[in-house]
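Single-structure report; data block below.
The values are calculated or read from the model by the stated rules, or taken from the named source; none is laboratory data. All values derive from a computational prediction rather than experimental measurement. A quick note on method: Cβ atoms are made from the backbone with ideal geometry, for glycine too, and the neighbour counts reach across all protein chains shown. Please note that ligands, DNA and RNA were not included when accessible areas were found on the heavy atoms of the full protein model with its side chains. Shrake-Rupley method; radii C 1.70, N 1.55, O 1.52, S 1.80 Å.
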Amino acid sequence: MIQGFKEFISRGNVVELAVGVIIGAAFKNIVDALVDGIINPLIAAVIGKPDFSDAFILTLNGTDVKFGVLITAIINFLLMAIALYLCIIVPMNALNERMKKQAAADEAEAEANKEESDEVKLLTEIRDALAQGTPRH
């Protein structure tokens with residue numbers, strides 16, 4: 001059992017997972033700064049901050065059940081998701097697409113250069129065979 005645990009710990013997946021969690025925690029600070037410093041103020045400036053906390057209240061036996069709090073949280077989540085999608089995901093996808101196109105162009109160019117060198121090699125062999133006067137097989 002201890003040997004199995006040693007193998008599990010020494011696998012790269014555990015280390016990669018640990019690094020991913022640490023990077024994710026560090027990235028959280030960047031996302032929080034983006035959201036709190038840029039996105040939330042922009043959303044508030046454009047549409048205001050939706051707050052339904054005091055709406056849709058149901059009173060049961062003297063206890064308030066506030067559906068508005070849930071609605072506010074859902075709306076805030078959707079606004080944040082849209083803003084993050086437009087500010088981070090769309091530009092990253094465009095950058096990835098551009099990099100893929102560049103890589104494909106580079107690969108096509110390398111393939112074209114390879115074909116040229118193969119053609120030059122073949123033509124050189126034909127020229128040499130003709131110069132020697134022997135037919136090429």
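At a glance:
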{"quantity": "Which listed residue, of 26, 81, 45, 33, is at pLDDT 80 or above, open to solvent by 80 Å² or more (accessible area, probe 1.4 Å) and small (Gly, Ala, Ser)", "calculated": "45"}
{"quantity": "Residue check for residue 58: in contact with a strand residue (DSSP E or B) (Cβ under 7 Å, 6 or more places away or on another chain) and aliphatic (A, V, I, L, M)", "calculated": "yes"}
{"quantity": "Some residue of the range 56-66 being touching a helix residue (DSSP H, G or I) at 6+ places or on another chain (Cβ under 6 Å) and at pLDDT 80 or above", "calculated": "yes"}
{"quantity": "Residue match in the range 44-65 (condition: in a helix (DSSP H, G or I) and either in contact (Cβ under 8 Å) with a residue 40 or more places away in the chain or among the small types (Gly, Ala, Ser) (or both))", "calculated": "yes"}
{"quantity": "Test: residue in the range 110-133 that is of a type in the set (A, V, I, L, M), within 47 Å of the chain's Cα centre (by Cα), modelled with pLDDT of 90 or more and open to solvent by 70 Å² or more (accessible area, probe 1.4 Å)", "calculated": "no"}
{"quantity": "The range 7-23, residues that are open to solvent by 60 Å² or more (accessible area, probe 1.4 Å) and part of a helix (DSSP H, G or I)", "calculated": "7, 8, 9, 10, 13, 15, 16, 17, 19, 21, 22, 23"}
